[in-house]
Amino acid sequence: MSEPRPTNPPEVIDDGLLDSAYTSLSRRRFLQAAGFTFVGAMVYGCARAPEEELLPLLEQPEGMVPGRADYYATTCGGCAAGCGILAKSRDGRPIKLEGNPEHPISKGGLCAVGQASLLGLYDSHRYRAPVRDGEESDWARVDAEIREHLDRFARSGAKVRYLSAVVNSPTKQRAIDDFLSRFRDARHVMYDPARGTAILDAYEETHGARVVPHIHLDRARIIVGFDADFLGTWISPVEFTRDYTAARRADRDGTTFSRHLQFESTLSITGAKADQRYRVAPSSRVAVLSQLAAAVARKAGRPYRRSENATDSLPQGLIEEVADELWVHRGESVVLCGADDLTAQLICNFINDALGNYGRTLDLDRPSFQVQGSEAQLEEVLGEIAAGKVDLLIVDGVNPLLDLPGKGAGAAELAKIRLIISFAQRPDESSALAHYICPDHHYLESWSDTEMVQGVVGFTQPLIRPLGDTRQVVETLAAWSGKERSARAQLQERWGTGRQWEQRLHNGFVKKSAASFRVGGFRTAPVFAARAEKFSRGDGFELVLYTKAGMPNAGHAFNPWLHELPDPITKAVWDNYARLSPAAAERIGLSQGDVVSISLPTGESVELPVLVQAGQHDNVVAVAMGYGAEASRRFESMGPSWIEKKPTVGDNGLVGVSATPLVVRGSSGRRFSGTQVRLHATGRKSELALTQDYQSIDVPAHLAPASGARRPNIQESTVAALAVSESSHSAPHHKGDLWPEDHEYTGHHWGMTIDLTACTGCGGCVVACQVENNVPVVGKDEVRRNREMHWIRIDRYFSGSGDDLTVAHQPMMCHQCDNAPCETVCPVLATVHSEEGLNEQIYNRCVGTRYCMNNCPYKVRRFNWFEYSRDDAYENLTLNPDVTVRSRGVMEKCSFCAQRIHEAKAEARRGGRPLADGDIRTACQQSCPAQAIVFGDMNDAQSEVAASISSRRHYRVLEEINVKPSVGYLQLVRNREDGEGRDHHDG
Amino acid sequence: MKHSILTLVLAVAAFFSVAILLAQGEGAHILWNRQGYAPEQPIAFSHRLHAGELQVDCQYCHWAAEKSRHAGVPATSVCMNCHRFVSAPLGAVRAEDAAATEAGRKPQPVVSPEIQKIYDALGLDASLNVDPHREKKPIRWVKIHRVPAYVRFDHRSHVSVGVSCASCHGAVETMERVRQVESLSMGWCVNCHRRLNASGLAGRPVRASLDCVACHY
């Protein structure tokens, strides 16, 4: 079917301008000539690098060395826990936060939220100047106008309400009190967006003080938790993780290993670490606590006068066993309740008192100030706002429009307030309604103090001059009070000047020997008087609103590092979802990704995709708070642009959906769990992005050699089994090496061990590594395509089901194999072995064949599929100048923090001393609150890592394939007696 | 016919390419190599005078070389340590002295135009006090010795084991205007490391890494 050829083909137009030889030049010839010319031009054009300038400083700041990092002690502002940090400052800008090992509370660890809080400083969406009626203004004008308003309010006796996040800075508290003192009707109310204050109410009733005891998990031989996610999100997770693991060191005498029982409705990282875990729905919580209290009271010979609905109880035998264990370790035990339920908290206090835990594991003489506020006061203020009685509302560090449900904090009610002043750092729902926005500094620009625990005060000092024309709240308040004073001066007024002050700043904290806090004796009456909250019974689900370890509240919703951190339990990123147990999902015929509508009897509803979650109570639907914030609208175009791109944000243009409409206000304030909800399938689907879609470590039945066989990646043991087993783990014997002579390791041989007994899977290491190593954020769609870039992947495995579900977390990074399979397949020698056992990845040599990635048995290599966005000039200030920023088409992976190895070596050489064990601490190791990671020289017999390798718990993953990894693991030890933790490496 | 034209095109291209390469002076370069590069600087600072004739130690100005990855270009305030008192060559000052004595007047301060640029950068007035009305402007030096962004060179490691500045930078104390003497290519670095591993440095054995990760990470 050929068409007749045109007589004059269009591509050969002989108009006389072109030589006939040219026009008939073949394509091949043309390309040859063009190629040659192009290369010639390139050689000429590129022979010289472009001219670059060097701009030295005019004045040399004292003590600053260009290219050398300084560390300043300060206090983390990520949450109210107030962990001590050492902020790494390089050439005048903070680029990394490290835990302060000398800090009495956090003791050197830092969580994912703390690590990621650095990005808040360099957030390009922050307010750069005060805003007046939506327009940028200047401080002189804003101050003058606000002072006028304030004078009028003070004269007229107006109602002034100051709504803030938890304030545990004595200096700031004084500034707020001073400021409010001039108004006749003024009130300061604090609240936590995702947590109530039932625990404070309970201590007020039983001990007469609104405080939380300072919990010492390191002194506890047995810990019983009721919905208290103390390793993940509750009160002071870094401190608790450190103390918890300190009492669970398996290599010491096994008898000192504490025991941990957890009763919870949905699986938390705390429950995942428990030796025994029981699923208890929120409606049964009080009944089970009461059962336990009665059993403990009998042993203590104390009366217990409560009776609960017996249908909610657990088997009496089980409770008696728990009570026995607690009684044996009375005074060395602790019962923790994390639920916002006054009755539950009161009963919990009773149990602790009956066990004599106060003054031992629970310190009320030096209590914690990390929880503050009052739900009752909040309720009152919301009532006043709803009634239109509030004249001036000051909003400091919270977002009431998003945080607070129902009547009181709606847009219509807030609009009735005559004047709203916001101290928001970046635009949010509430600041959009404010008449004036007087932006606060980021904490790395601020002077402050934090009394997180009575007698321990952490200091916050600025690491950088404010990036915008912002002002610290204490200075703003002072200016409006007519007593203008800098934040530093206010701080020095309290903490002194001169050498003492300098020493305190240098340390980052001070321990006061001031008189201890006074609390009354235990009062039993309120425990018996409290009425259990009525839970309506129905055939529906009980709602549990929780917070993720990586997203404490919507105030962090701007932070892409936190959004891309896989949730420790669900492994989902960039989303919240409705968690349902496998049985529950089957019961209502829904599967993963089906969008479900969760509705309250009052009609409020929220639509979320289902995530099927093992280990959850079958009557519970769990939803994470802190999502669906306006601040996440910025992620609309997140991720590389290409034809198949799907957005990172949902249909609402935001990351996730806000769950606050589902918060109801009950008798103890906001109720976050136990509300009856109905689920309806919407028929729609929404694809979740999970970094791990395999769940169980059990070998499928049809493949298993014996029932109950498990993959050997995770090896578990029990304290009892460890005590009797003397033999150390025997490595599979292999003959022959791939590289017999090449790799002698005459100098250092770097190695790492990770103690799975300590690891909680919290993800602090993942973010620490991301910040340290310039790991890009890729967005939800790329994660969905398995293209996440994190150098550390924390594998999470389940075994068993229901109450017998056990969970193991296993951080996986490049294993720096001695017989590395990646090295043999690289066609361009971009990944080669170093003399010190490092598996080097040379970015500038890599051409991106990805053979290495395919050949890696641990699947820890990451490929830059795109040129990931580095467009945000502010955000780029977090980049570590000691690590190359990788471009598209290049493979990357964990380098064992080669830059830190280099730095430590160079410093040792400069000091003329040999490198000592502990000089090098990788970013993940430094940050780990559990101290699970040990890094060092395997050739040094005295090193900590060598000791760790010689532990009888040490094993390597995929040892049988003889790749000789330099990363090893220490068996996961649980303190259980039932033989559940089987020793698997011989099976 | 068409072959001969193509051959001609190729030959001309080849000729020009080679000619361009040769015209660069020091033979063919590999990409980004700047051996021999000696750009004009905003101040005609003479290393020959300072480091050679006056024997100012390299690390007096480049003091970070021993402490840090970067040797650093000295802050302008470091220049003022001397140039607060030295504002012109001795000859010019003596000539002014002589002229003043002859004319029976007080000698005028003499400031050389190059040193004046330091004062201008710092916003100083004639009596070397900070003039708040003058803008402070950093001196925009032109960078000579550079390695690509994926190379991490550490001055500290080299200085602390006794590698002389001249082994990489050449005899700077003889240069009126600094010129890049060595190629600073990877082969050049590695060869030096190999040589030192074999010979040692100043009689001491040296362990100069040949690992890629020594510089690339």
(message) Please rank A:Asp804, A:Asp229, fewest neighbouring Cβ atoms within 10 Å first, as an exposure proxy.
(response) A:Asp804, A:Asp229
(request) Give the peptides A:67-76, A:476-485, A:540-549 in descending order of average Cβ contacts within 10 Å, highest first. (result) A:540-549, A:67-76, A:476-485
(request) First obtain the Kirkwood hydrodynamic radius of segment B:74-140 from its Cα pairs, then insert it into the Stokes-Einstein equation at 4 °C and 1.567 mPa s, and state the resulting D in µm² per second as a whole number. (result) 100
(request) Report the equivalent ellipsoid semi-axes for segment A:215-366 in whole Å, largest first, defined as the square roots of five times the eigenvalues of the gyration tensor built from alpha carbon atoms. (result) 23, 17, 15
(message) Could you tell me the center-to-center distance, by alpha carbons, between segment A:593-638 and segment A:265-284 in angstrom?
(response) 20
(request) Could you tell me which trypsin sites (Lys or Arg not before Pro) in segment B:55-105 are loop residues by DSSP with no more than 14 other beta carbons within 10 angstrom of their beta carbon? (result) B:Arg84, B:Arg105
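Checking a compactness column here: for segment A:122-181, what do you get for Rg(Cα) / (2.2 N^0.38 Å), N being the number of residues?
Here the answer is 1.39, to two decimals.
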(message) What translational diffusion coefficient, to the nearest whole µm²/s, does segment B:140-200 have by Stokes-Einstein, given a Kirkwood radius computed over alpha-carbon pairs, a temperature of 20 °C and 1.002 mPa s viscosity?
(response) 164
(message) How large is the translational diffusion coefficient of segment A:544-616 in µm² per second when you combine the Kirkwood radius over alpha carbon pairs with Stokes-Einstein at 25 °C and 0.890 mPa s?
(response) 183
(request) Give the value in nm², to one decimal: projected area of the alpha carbon convex hull of segment A:446-561, averaged over all directions. (result) 14.6
(request) Please identify every one of the trypsin sites (Lys or Arg not before Pro) in segment A:239-278 that sits in a loop by DSSP and has no more than 14 other beta carbons within 10 Å of its own beta carbon. (result) A:Arg252
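Find, to one decimal place in angstroms, the Kirkwood hydrodynamic radius of segment A:826-926, where the mean of 1/r is taken over every pair of different Cα atoms and then inverted. Don't jump to the answer; show the numbers that get you there.
On the way: mean 1/r = 0.0642 Å⁻¹.
Taking the inverse mean of 1/r over all distinct Cα pairs, segment A:826-926 comes out at 15.6 Å.
For segment A:862-987, take N as its residue count and report Rg(C-alpha) divided by 2.2 N^0.38 Å. All intermediate terms of the calculation are to be shown ahead of the outcome.
Details: Rg = 19.3 Å, N = 126, 2.2 N^0.38 = 13.8 Å.
Taking N as the residue count of segment A:862-987, the ratio is 1.39.
For a distance above 45 Å, tell me the whole-number percent of Cα pairs in the protein assembly as shown that qualify.
More than 45 Å apart: 45 percent of the Cα pairs in the protein assembly as shown.
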(message) What's the magnitude of the charge dipole for chain A around its Cα centre, counting Lys and Arg as +1 and Asp and Glu as -1 at the beta-carbon? Answer in Debye, nearest 20.
(response) 1560
(message) Considering the Cα positions of segment A:358-400, please state its Rg to one decimal place and its Dmax as a whole number of Å.
(response) 16.2, 48
(request) Restricting things to alpha carbons, find the Rg to Rh ratio for segment A:386-482 using the Kirkwood radius for Rh. (result) 1.04
(message) List the residue ranges in chain A for DSSP H helices whose C-alpha atoms run 20 angstrom or more along the long axis and whose Kyte-Doolittle average is -1.0 or above.
(response) A:27-46, A:139-156, A:285-300
(request) List the GluC sites (Glu not before Pro) within segment A:795-884 that fall in a DSSP loop (any state other than H, G, I, E or B) and whose Cβ has at most 16 other Cβ atoms within 10 Å. (result) A:Glu867
(message) What does DSSP give for segment A:215-366 in terms of the percent of beta bridges that are antiparallel, rounded to the nearest 5?
(response) 5
(message) If packing is taken as the average count of other Cβ atoms within 10 Å, what order do A:623-630, B:136-143 fall into, highest mean first?
(response) A:623-630, B:136-143
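Once you've got the Cα coordinates, tell me which of A:Lys107/B:Lys67; A:Lys273/A:Lys859; A:Lys273/A:Lys780; A:Lys88/A:Lys780; A:Lys548/A:Lys780 are over 22 Å apart.
On the way: A:Lys107/B:Lys67 30 Å; A:Lys273/A:Lys859 25 Å; A:Lys273/A:Lys780 28 Å; A:Lys88/A:Lys780 30 Å; A:Lys548/A:Lys780 17 Å.
Among A:Lys107/B:Lys67; A:Lys273/A:Lys859; A:Lys273/A:Lys780; A:Lys88/A:Lys780; A:Lys548/A:Lys780, the Cα-Cα distance tops 22 Å for A:Lys107/B:Lys67; A:Lys273/A:Lys859; A:Lys273/A:Lys780; A:Lys88/A:Lys780.
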(request) Using every Cα-Cα pair within segment A:536-690, state what percent have a distance larger than 24 Å. (result) 30
(request) Quick one: which residues, 5+ away or cross-chain, put their amide H under 5 Å from the amide H of A:Ser446? H built at 1.01 Å from N. (result) A:Leu463
(message) Can you list the DSSP H helices in chain B whose Cα atoms extend at least 27 Å along the helix axis and whose mean Kyte-Doolittle hydropathy is 1.0 or higher?
(response) B:2-23
(message) Tell me the Kirkwood radius of chain B: reciprocal of the mean inverse pair distance over distinct alpha-carbon atoms, in Å.
(response) 21.5
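Any read-out appearing in this document is the output of simple, stated calculations on the displayed coordinates, not a laboratory observation. What you are looking at is a predicted structure, and each value in this text was computed from that prediction instead of being measured. Here Cβ is always computed from backbone atoms with ideal geometry, including for glycine, and neighbour counts include all displayed protein chains.
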